[in-house]
Every structure is written in C-alpha cells, then in structure tokens.
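The next block holds one structure in the form of structure tokens; read it before the comments.
Values in this text are rule-based calculations from the coordinates and carry no lab data. Note that this is a predicted model, so its numbers are computed, not measured. All Cβ positions, glycine included, derive from the backbone under ideal geometry; neighbour counts span all protein chains shown.
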Amino acid sequence: MASLPLITEPDRCLGTHDGTPKRQVITLNGVERSGWAVRLGVIIVSGALLITAVTIGIAPRLWQIANAHSEEPVPLPDFIPLSQRSYVYDAAGNEIAVYELENIQPVSFSDIPEHVIQAFVAVEDNEFWVHHGVNARSFIRALLSNFASDAPRQGASTITMQVVKNDFMAGFERNGRYKLLQLTYAVRLEKERSKEEIMERYLNTVFFGNNSYGIAAAAETYFGKFVHELTFPESAFLAGLVRAPTSYDPINRPERSRARFAQVVDRLVEDELLTEDEAIEVSETFVIPERVNQIPTRDVERTYFSETVRDLLLNGSDILGDTYEERYTALYRGGLRIYTTLDPDLQTAAETARNELPDTTEGFDAALTSIENETGAVRALVGGRGFVPKQNEVNLALAPSQTGSSIKIFILAAAIQAGAQPNDVIDGTRPCVLPNPGDNLEPEFIITDGVSGGIATLAEHTYRSINCAFARLSQIVGLDRVVDTTYRMAASDFLRPDLPKSVREPLRPYASFATGANEMSTLDMAAGMQSIANEGVHHEPYFIEKVDDSVGRRLYTHQSDPERVLESGAALTTIDTMKATLSTGTARRELAEFAQLI
C-alpha cells in the first residue's frame, strides 16, 4: 500500500510559517498542555492517521471478513427511485388529485452548468474527480482539525459517501459496522457507476432546507431561477447550505448564513476558483436571500374524496405495505397511479345540489354518499360545503351523527327478515313506556313526542313514521337482532362491531335505537340501503378500483366479496313497503318542503 503523503505546508505544521519549529501550547478540551503533552498528542494523532489509512485501504476486505458467514456477499443496492408524485384518477380517467411531499425536480447531469458542479466540488469534496469513493487526506484533515480545535467537528465524507448514506443506509444503526459498510459501498459504487452518474444523483437528492430537495428545486426556492440560470456565487451559496440547511437557513438565521457564505468564498479562493479581487467583489455585492419562493406542491389540491382515499391507503389497508412507513413512502414518493370509483357526472350533480342549499344563520350544512347498488362502488361523496385545509376538514359524509327516523328502514328490514309482514297490526299509541335492559342508567325508555299512530298496520306506521310503533316493533324482533342486522347491512371499513371505541362508538341495543339515538354516517346509511336495493346482497363500499406503480405494474385490484344479509323476499318486501312513503307518507312531505326551499 502506498505511503501517506506528509503534510508539509508550513501553515499546517506545528511551527512558524518558514518551517522553524517553535514552542506552542495546544488546548485539548479546554486544558492547556505543552512539552511532553505536545509530543504525546503528535504520537496519538500519528497513530490515528495510520489506523485511518489502513481502514480506508482495506475496508472492502474487512467487510468480507466480517461477513464471512454469509453465503453471498452483501450486494450494492440499487438507487431508490427519485421522489415521484402519485396521481389519483376518477372512474372516467380524469386526474382529480396529486399526492406529493417534497418540492423535488430531478435534472440530468447534462443540464447542470459546469460552474454549478465546480462550486459543489469545491465546497463539499474538492477531490471528487480523482478519489475512488473515499478520500484519505480528508480523513486526515478532519482528524487533525477535530483533535486540535474546539470548533465544530469537521467531517470527512465524500460526495460518494453522502450518496451512499442517503440512498443505501437509511435506518442503519450508527456504529463501527455502519462506517465500514459505508466505506465499502462507496468504493464499490465508484466502480459500478460513473462520476457523472454519482454527481447527478447527489445534486438531485441533497436537501437544501425549506422543503427543497435537489439543485433544481433549490434554485427556484432561493433565487426564483432554473438551474441553468444560476450564477457562480449563487451556486456557491447553495453548496454552502448542504452541510447544515437549518443552521444556515438565510431566512431564520441570516447572520449564520452570511458567515457560512464567507467561509465558502474563502474556500473558492483557496481552490483558485476566485481571485482575491473577485472574492472581495462577491462579498460586497452578493445578497443573501431574504425570502424564499414557497413553491406549493400539488398536494394542496384536496377534496373530501381524495382525503378519504389518502387515509384509506395510509391507515385503512395494507395495499401499499405492511407498515405505515412503507405505505407513506409509496404514496408520497412512489409515483403511483390510483384509479378510483368516483363518477365525475354524479359528483358534479352532488356538489351542485350542495351549493344550491340555502344559507342559514344556523350554519346549515349537508353531506352525501352515493353507492352503486350492484358493486358497492362509491360514485359520489360530499363531505360539507368545501374542503379547506386547517379550517374545514371534517368529512361530514363519514362523521357519525344521530340517524333520526332514517333508522326505521333497518328496523323494518330486520322485522320482515324475522317474519313480520306489512299487513301485521301493531300498537303505535303514544306515549309508550318500554323496558330498556341494555342501559343501566335508564331501565325504562319513555316516548312522548312524535305522532300517535294508534292501532294500525306496519305499512301504515312506516309511511307515517310512528315512533312508538317502531320502538315496540324493535322490542318484539329483539334489539340485539335489530342491531346485528344493521351492522351486517351497513358493514364497511368504517362500521364494524369490533372497531375499538376510540375509533367508533358502537351501535347499542337500547330502546332509544328506534328513535335514532345511535349514530351512523351517510356512508353507513348508503351502504345499508344498498343492501336492500340489491335484493339483500351486501357489497362493502369501496373507493379504489386499482393501483399501479410508476412503471405500470399492477399493485392492487379491488375484488368484491358480496354477502347475503337479507333474504331476497325480505328485501323486496321492504322496498315495496317503503315506496308508500314517497307517494303518501312523510317522505312526500319532506320533498315538498325541500322543493320550496330551493
């Protein structure tokens, strides 16, 4: 192995500028030492330098020895794909949303000006073009600087090593094995990739602060320019940010940013990329950015539907991976193509209906979910008057609220499934006092409001929506059976009896169930109605048809698993009974009142 070059520059030696040794006091960790301490320090540093040189030279071999038990050597991983935004499409193929996290704009090596590359090489790794992944002299300088100075520790990572760290070693424990593997990967990367490829990768992935990844995004964020428009001083300023983007942030820490830029200018003079006169001119004329161009990501294009899809992919399924981290990375950086169930025409009609609602002093709002009966596909969803980040984010279509009389259709279906008929007679007299065994606080439940129905058929009580009749009916059928049937008819990822209370309050078999005291969402209600309309066969509501990766490989295709929750005859009888509410019942009255409002 070749011997290490001696450090012979007078200003880097323990002596005067003409090379004459002189007595000197060295401070180590704040304690002054001289004489024998200096000699001991030199011995320690020399030993460290020897160890460094040997480690760098034989790192790949050491890694092989350390992993001799493995049948196969650890391969050099592939570059992770550059962050790519994921696109969301409706059922007609129209783009409706984009999921992205960082402001990243990849650029090819050939499109990066030479002076930009020169600036980064000078500041970050001035021997990039000649070393083989690891720079022994950088290690030596770092050791000397860190040993003899109280200043912040100097690093020795090359650009190649930084690429290795960012691309191959995220999540690795920082120990001796980590550094050995990093050195090994750096040497192997230089053998398998060209310098131009490594530099391109580095400039496209390095973080510059203020949500900017890569040189193109940084140029736009800090200077409002394309990469090819950057001047040499601007390039040097950006290169100076890389070591500590937060510490050198020109917006929040302008003084530190100016001091860092001064260091960079000195470095450029040392490397003869600037003359002394040019350095003075740059220092006097260059203006540190006082504001950044906040480049909005298209992730701001958010709707209630797209937010529901996002939440399902991140938290409601394992389509994109077993862990949250895997799903998050895939969604925000994987360049996915997500095809949804949304029908653009139905969605437009739903939003139009919402927008035509009258303004009221009470803050009247509305929500809607439309589900295709034959499949369970969610074709339209309105979660309120409009999604506004941090102001109006609550999706009312998925937010449970008291059902009111809408719950009566589930009680009716459960009763007919249990053997009841529309012509059966039931007492609807008000008030009614009912046992309430499920509620320990209220052993009896009393209904005093609503219309008194007297003695009448179930069909008549249905279209008149008689509370006492349905409360008594639910007792006859059995509250547990009514609740169980409701769960089965409306089942979805949002409504199951086994969901923890922290996620969703359960439906309770209390006497108050018949008056709509339990809470369900419009999605729950639509899912249950779909089961009836589909003649007793339930398809769980879904939002996503398929997902492709960035190269078109299919990651997921929705597969329906229908379940019969009502006998066909019971479902059809329920439908026939409900039709009367549109012609002569309460639904007819409500529709007429609504028509007058609009």
Query raised in the report: With N residues in the range 156-277, what two-decimal value do you get for its Cα radius of gyration over 2.2 N^0.38 Å?
Result: 1.16
**Report entry** Above-threshold pairs, the threshold being 24 Å between Cα atoms, out of 408/579; 165/195; 165/225
**Finding:** 165/225
Query raised in the report: Using the Kirkwood formula over every pair of different C-alpha atoms, what hydrodynamic radius in Å results for the range 413-467?
Result: 12.4 Å
Report summary line: Note: the range 375-430 at 25 °C, 0.890 mPa s; Kirkwood Rh on alpha carbon pairs; Stokes-Einstein D in µm²/s works out to 161 µm²/s
Requested in this report: Just rank 207, 494, 470, fewest to most, by other beta-carbon atoms within 10 angstrom.
Outcome: 207, 494, 470
**Report entry** For q = 0.15, 0.21 Å⁻¹, Debye-computed log10 I/I(0) when each Cα of the range 201-355 counts as one equal scatterer
**Finding:** -0.87, -1.29
Query raised in the report: When 317, 583 are ordered from fewest to most other Cβ atoms inside 10 Å of their Cβ, what list results?
Result: 583, 317
Report summary line: Sequence order, the range 188-203: Karplus ³J(HN,Hα) from phi using 6.51 cos²θ - 1.76 cosθ + 1.60, θ = phi - 60°, Hz rounded, Gly and Pro as x, gives 5, 4, 5, 7, 9, 10, 6, 4, 5, 5, 5, 5, 4, 4, 4, 5
Query raised in the report: Along the principal axes of its C-alpha atoms, what lengths does the range 298-451 span, in descending order and rounded to whole Å?
Result: 61, 42, 36
Query raised in the report: Which of the aspartates and glutamates could a cross-linker span from residue 191 if the Cα-Cα distance has to be under 20 Å and same-chain partners fewer than 8 positions apart are dropped?
Result: 72, 78, 125, 127, 167, 200
